[in-house]
1. Within region 5-17, is even one residue surrounded by fewer than 19 Cβ atoms within 10 Å (Cβ to Cβ), at pLDDT below 90 and assigned to a strand (DSSP E or B)?
2. Considering only residues that are over 22 Å from residue 45 (Cβ atoms) and in a helix (DSSP H, G or I), which ones fall in region 56-84?
3. Return the residues of region 92-109 that are buried (at least 16 other Cβ atoms within 10 Å of the Cβ) and part of a strand (DSSP E or B); say none if nothing qualifies.
4. Residue by residue through region 18-50, note down the ones that are in contact with a strand residue (DSSP E or B) (Cβ under 7 Å, 6 or more places away or on another chain), assigned to a strand (DSSP E or B) and either modelled with pLDDT under 90 or farther than 23 Å from residue 88 by Cα (or both).
5. Counting only residues that are touching a helix residue (DSSP H, G or I) at 6+ places or on another chain (Cβ under 6 Å) and in a strand (DSSP E or B), which one in region 110-143 is nearest to residue 82 (Cα to Cα)?
6. Suppose we filter region 24-44 for residues that are under 23 Å from residue 71 (Cβ atoms) and either touching a helix residue (DSSP H, G or I) at 6+ places or on another chain (Cβ under 6 Å) or surrounded by 15 or more Cβ atoms within 10 Å (Cβ to Cβ) (or both); how many remain?
7. Based on this model, can you work out whether residue 53 counts as closer than 18 Å to residue 133 by Cβ and touching a strand residue (DSSP E or B) at 6+ places or on another chain (Cβ under 9 Å)?
8. Going by the structure shown, is residue 61 closer than 22 Å to residue 6 by Cα, touching a helix residue (DSSP H, G or I) at 6+ places or on another chain (Cβ under 9 Å), surrounded by 13 or more Cβ atoms within 10 Å (Cβ to Cβ) and modelled with pLDDT under 90?
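The values are calculated or read from the model by the stated rules, or taken from the named source; none is laboratory data. Keep in mind that this is a model prediction, so the values were computed, not measured. Neighbour counts run over all protein chains shown; Cβ positions are idealised from the backbone, glycine included.
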């Protein structure tokens, strides 16, 4: 599938929010978030955002249209984000079954006590809603 991955422009945000609603993601898009769109034949088929939170980056809201899953689109989006992140640190709070998926760009599971406190609280909140999640970190790379 010839997928185009690009950073969303302000005019794309209503379409991105509509996709999030259609794909049952409640997180929204913050004013400082960097949003990536995956498109095929002009249709939005994937979305993810990197949110600056408390002096670090958090990868959030990775979604791919159900009919387009398992075709490498999410991996393509991750590689694009890894290039953008460069040597910067980033975290995510994924479902446990996605650990291997996120590890392909250098994320590894960490103990909540090693994570920024706001992420440890977020993980506890999600687990309180019976979501099987973990915390992963992609460490900063020294020059």
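1. No, region 5-17 contains no residue that is surrounded by fewer than 19 Cβ atoms within 10 Å (Cβ to Cβ), at pLDDT below 90 and assigned to a strand (DSSP E or B).
2. As a first pass, look at region 56-84 and keep what is over 22 Å from residue 45 (Cβ atoms): 56-58.
Once the filter is applied, which keeps residues that are over 22 Å from residue 45 (Cβ atoms) and in a helix (DSSP H, G or I), region 56-84 yields nothing.
3. Once the filter is applied, which keeps residues that are buried (at least 16 other Cβ atoms within 10 Å of the Cβ) and part of a strand (DSSP E or B), region 92-109 yields only 92.
4. Step one: filter region 18-50 for residues in contact with a strand residue (DSSP E or B) (Cβ under 7 Å, 6 or more places away or on another chain), giving 19-20, 23, 25, 27, 29-30, 32-39, 44-50.
Retained after the next criterion (residues that are assigned to a strand (DSSP E or B)): 34-39, 44-50.
39, 44, 45, 46, listed by residue number.
5. Out of the qualifying residues, it is 136.
6. Taking region 24-44 first, the residues under 23 Å from residue 71 (Cβ atoms) are 24-25, 35-44.
Narrowing the set further to residues that are either touching a helix residue (DSSP H, G or I) at 6+ places or on another chain (Cβ under 6 Å) or surrounded by 15 or more Cβ atoms within 10 Å (Cβ to Cβ) (or both) leaves 25, 35-40, 44.
So the count comes out to 8.
7. Values: closer than 18 Å to residue 133 by Cβ: yes; touching a strand residue (DSSP E or B) at 6+ places or on another chain (Cβ under 9 Å): yes.
The answer is yes for residue 53.
8. Values: closer than 22 Å to residue 6 by Cα: yes; touching a helix residue (DSSP H, G or I) at 6+ places or on another chain (Cβ under 9 Å): yes; surrounded by 13 or more Cβ atoms within 10 Å (Cβ to Cβ): yes; modelled with pLDDT under 90: no.
Taking the combined requirement at face value, the residue does not satisfy it.
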